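What follows is a single structure, written as structure tokens, with notes after it.
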Amino acid sequence: MFTRKRIVIALGGNALGNTLPEQMVAVKTTAKALCDLIEEGHQVVVVHGNGPQVGMINNAMSALSREDENQPNTPLSVCVAMSQAYIGYDLQNALREELRIRGFVRTPVVTVVTQVRVDPNDPAFENPSKPIGKFLTKEEADHQAQAYGHIMKEDAGRGYRRVVASPKPVEIVEQDAINSLVDANKIVICCGGGGIPVVLNGHHLKGASAVIDKDFASCLLAKELDADMLIILTAVEKVAVNFGKENEEWLDDLTVDDAKKYIAEGQFAPGSMLPKVQAAVDFANSKKGRTAMITLLEKAKDGIQGKTGTIIHL
């Protein structure tokens with residue numbers, strides 16, 4: 001018998017493209033995949049990444065400050081807020097259009113500009129590791145490090161990118177508002193880019209120079225919403241162990257205990273598959289009956305039906 005699920009979906013970077021024109025095209029494909037689940041009767045809450053976008057905004061604002069000495073440098077937290085708004089704008093319009101094509105004319109879609117509180121003493125601030133912005137050559141990266149003081153690291157053989165702190169999310173500030181919208185059957189886009197990172201200073205929320213991993217933010221959101229399922233959509237159909245080796249194995253089913261063992265063995269690449277598996281394990285382990293899935297965007301519907309993807313469970 002069909003059971004309607006409350007599902008938090010974490011969209012990977014491939015769902016949005018790398019430029020404004022690419023994003024306009026990509027969100028239409030993304031909307032189709034999400035609407036497949038909505039049409040099946042599931043309650044969907046959407047979280048998206050913002051790696052290329054927040055880097056692009058940060059670069060643009062840095063260029064403005066260099067051109068006009070009266071323009072101060074824009075904090076990274078403000079860049080995250082900008083990315084949430086413009087990605088949400090494209091995504092909610094694409095969802096609205098696709099829903100209406102399918103006959104859903106009264107299904108409101110809303111983007112919540114979302115702050116996520118982090119611990120100012122999180123050790124991540126001492127070891128920046130989250131890549132943002134476009135891939136650069138070594139010469140370009142060296143120039144950016146020297147000119148702007150950015151920390152640059154080589155990223156999986158694909159080039160160099162700026163890295164910033166990636167602290168763990170502690171609290172979703174707008175959680176009550178998100179709960180109310182979801183309970184009222186609105187389709188909510190929130191915690192974009194992992195949320196706007198803030199630290200609490202008395203009653204004041206101060207922006208932090210960081211980017212929160214959207215998979216960890218999605219996990220926290222899913223737990224707070226009492227979701228049935230967390231779906232992390234990425235560039236591969238399933239999770240693999242011994243990835244890229246002769247004994248590579250693609251996994252259909254993964255228990256929390258086995259996943260923890262593989263994590264301890266170093267089977268998953270940091271900054272890539274590792275946080276996805278960690279977030280999936282955290283959610284699946286948080287309450288009996290909760291499951292997580294990792295798969296391709298276009299395979300989300302098949303994954304829900306048990307035809308593909310990697311399911312993580314107790």
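The values are calculated or read from the model by the stated rules, or taken from the named source; none is laboratory data. As the structure is a computational prediction, the values presented were derived from the model and not from experiment. Cβ: placed from backbone, ideal geometry, glycine included. Neighbour counts: every protein chain shown. The protein model used for the area step is the full one, side chains on, heavy atoms only, and it has no ligands, DNA or RNA in it. Shrake-Rupley method; radii C 1.70, N 1.55, O 1.52, S 1.80 Å.
So the values come out like this:
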{"read-out": "Inter-residue pairs, beta-carbon under 7 Å, first under 9 Å from Phe283 (Cβ atoms) and in segment 211-225, second open to solvent by 10 Å² or more (accessible area, probe 1.4 Å) and part of a helix (DSSP H, G or I), 6+ apart", "value": "Cys219/Asp282"}
{"read-out": "Yes/no for Ala60 being surrounded by 23 or more Cβ atoms within 10 Å (Cβ to Cβ) and out of contact with any His (no Cβ under 6 Å at 6 or more places or on another chain)", "value": "no"}
{"read-out": "Residue match in segment 91-108 (condition: at pLDDT 90 or above and within 20 Å of Val211 (Cα to Cα))", "value": "no"}
{"read-out": "In segment 63-82, the residues that are open to solvent by 20 Å² or more (accessible area, probe 1.4 Å) and among the aliphatic types (A, V, I, L, M)", "value": "Ala63, Leu64, Val78, Ala81, Met82"}
{"read-out": "Single condition Thr3 does not satisfy, out of (1) within 16 Å of the chain's Cα centre (by Cα); (2) among the β-branched types (Val, Ile, Thr); (3) modelled with pLDDT under 85", "value": "(1)"}
{"read-out": "Flag if Asp258 is surrounded by fewer than 18 Cβ atoms within 10 Å (Cβ to Cβ) and touching a residue at least 24 places away in the same chain (Cβ under 8 Å)", "value": "no"}
{"read-out": "Answer residue from segment 284-314, given it is in a loop (DSSP other than H, G, I, E, B) and closer than 21 Å to Glu265 by Cα and is most open to solvent (accessible area, probe 1.4 Å) among those", "value": "Leu314"}
{"read-out": "Within segment 83-165, strands (runs of 3 or more DSSP E) holding 1 or more residues that are open to solvent by 70 Å² or more (accessible area, probe 1.4 Å), in contact (Cβ under 8 Å) with a residue 40 or more places away in the chain and closer than 18 Å to Gly192 by Cβ", "value": "none"}
{"read-out": "Breaking point among (1) out of contact with any Pro (no Cβ under 9 Å at 6 or more places or on another chain); (2) in contact (Cβ under 8 Å) with a residue 12 or more places away in the chain, for Val80", "value": "(1)"}
{"read-out": "Positions within segment 2-49 being at positive phi and either open to solvent by 60 Å² or more (accessible area, probe 1.4 Å) or touching a residue at least 60 places away in the same chain (Cβ under 8 Å) (or both), in sequence order", "value": "none"}
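Condition check ((1) touching an Asp or Glu at 6+ places or on another chain (Cβ under 8 Å); (2) open to solvent by less than 70 Å² (accessible area, probe 1.4 Å); (3) among the charged types (D, E, K, R); (4) over 28 Å from Asp36 (Cα atoms)) across all residues:
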position: Glu171; (1), (2), (3), (4): no, no, yes, yes
position: Ala177; (1), (2), (3), (4): no, yes, no, no
position: Ile189; (1), (2), (3), (4): no, yes, no, no
position: His204; (1), (2), (3), (4): no, no, no, yes
position: Glu224; (1), (2), (3), (4): no, no, yes, no
position: Ile263; (1), (2), (3), (4): no, yes, no, yes
